[in-house]
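The values are calculated or read from the model by the stated rules, or taken from the named source; none is laboratory data. Fair warning: this is a prediction, and the values are worked out from it, not measured in the lab. Neighbour counts are summed over all protein chains in view; Cβ atoms, including those assigned to glycine, are modelled from backbone coordinates with ideal geometry.
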Amino acid sequence: MTHANAGGLPFQTIGIVGCGLLGCSIAAALRSRRFPGSIVGCGRPGKNLDTALGRKLIDRAESDLGQAAAVCDLIVVCTPVDRIVEDIRIAAGRARPGTLITDVGSVKRFVCEAAGELPAGITFIGSHPIAGSEKQGCAHADSDLFEGRVCVLTPRPTSPREKVVSLTSFWQSLGMSVVEMSPEAHDRALARTSHVPHLVAAALAATLALENRSLTGGGFQDTTRIAGGDPQLWSAIFLSNAGEVTAGLRAVVSRLEELRSAIERGDKGRLEELLKVAKQNRDGLGPASKGAAAP
């Protein structure tokens, strides 16, 4: 596989805040694509930071976010959505003028609104790399996690265009294609393509009786795979995008009711019609792509 090259990025030191799966996968992707600068990993002391250092994914480990931010010109916040805003503000308070801050959260409106006004010379632009896994931790970091995937940027109308261009180049250097959306449009779309599917998978998994576990096959396991994600992390995502998630759930419940009604009536024609629409939509996605939407 031919990889994009991170050698020409306009950053000398990149800070990764939160050295879990996504943060360490970003570091691994930068390493494999020959980023010539320094990578600072920031997080709680423990297994993830130790693994990141041991695998040489980062050059330096910091437990103090302010100290890490002070030496970086790009800061990527990879913490859970209910911590992102606080981390952005802490980093911005210690960062040097000219520093660009982004995040990887799968909810954008509340982050972009809550980040508010930052110190002069500090720019925040929201990002959502649509890649991930139900697995957790730096031990599962994958340098190709972002290859061939889409990253959504949610700049404000006042965001400096040169910063948007630099951030676009960053994600492209990891193998991603980049699109720009408003935070509101992003959250509306991701509720339906990521958040609601996770809830549906969780609901299905929750109905499994203990005595039936040995009878599950690939269909059940494929359908419920993403229900293996971290409950605390995903609860924060659902609550942060509550309005769009509940609207998406209503649409799914409505379609389930249509299916239930067709079966109760013995209406084979309507049942086939509903299943045909579902098949056409699924077939239109093409081959299955790896990963799940990231938190």
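Data table
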quantity: Residue check, L167 aliphatic (A, V, I, L, M) and under 30 Å from P36 (Cα atoms); calculated: yes
quantity: Residue ranges of helices (runs of 4 or more DSSP H) in the stretch 183-295 with at least 1 members more than 30 Å from C112 (Cβ to Cβ); calculated: 196-206, 218-223, 242-265, 268-283
quantity: Flag for T224 being β-branched (V, I, T), at pLDDT 95 or above and touching a Ser or Thr at 6+ places or on another chain (Cβ under 9 Å); calculated: yes
quantity: Failed item in (1) hydroxyl-bearing (S, T, Y); (2) free of Cβ contacts under 8 Å to residues at least 12 places away in the same chain; (3) closer than 30 Å to A141 by Cα, with S254 passing the rest; calculated: (3)
quantity: Options I125, I84; residue that is under 22 Å from A141 (Cα atoms) and either in contact with a helix residue (DSSP H, G or I) (Cβ under 8 Å, 6 or more places away or on another chain) or not assigned by TED's automatic domain parsing to the domain that holds D230 (or both); calculated: I84
quantity: Filter result for T51 (at pLDDT below 95 and either assigned by TED's automatic domain parsing to the domain that holds G93 or among the hydroxyl-bearing types (S, T, Y) (or both)); calculated: no
quantity: Members of the stretch 142-158 that are more than 15 Å from the chain's Cα centre (by Cα) and surrounded by fewer than 17 Cβ atoms within 10 Å (Cβ to Cβ); calculated: R156, P157, T158
quantity: All positions within the stretch 95-141 that are more than 17 Å from L167 (Cβ to Cβ), buried (at least 19 other Cβ atoms within 10 Å of the Cβ) and over 11 Å from the mean Cα position of the chain (by Cα); calculated: R109, F110, C138, A141
quantity: Which listed residue, of V104, V111, V165, is β-branched (V, I, T), in contact (Cβ under 8 Å) with a residue 12 or more places away in the chain and closer than 18 Å to I14 by Cβ; calculated: V104
quantity: Test for I237: is it within 28 Å of the chain's Cα centre (by Cα) and among the hydrophobic types (A, V, I, L, M, F, W, C); calculated: yes
quantity: Residues that are part of a helix (DSSP H, G or I), over 22 Å from R94 (Cα atoms) and not small (G, A, S), drawn from the stretch 23-69; calculated: C24, I26, L30, R31, K47, N48, D50, T51, L53
quantity: Out of V111, V152, V107, V85, sole residue that is closer than 20 Å to M181 by Cα and in a loop (DSSP other than H, G, I, E, B); calculated: V107
quantity: Residue within the stretch 156-169 that is touching a Phe, Trp or Tyr at 6+ places or on another chain (Cβ under 8 Å) and not acidic (D, E) present; calculated: yes
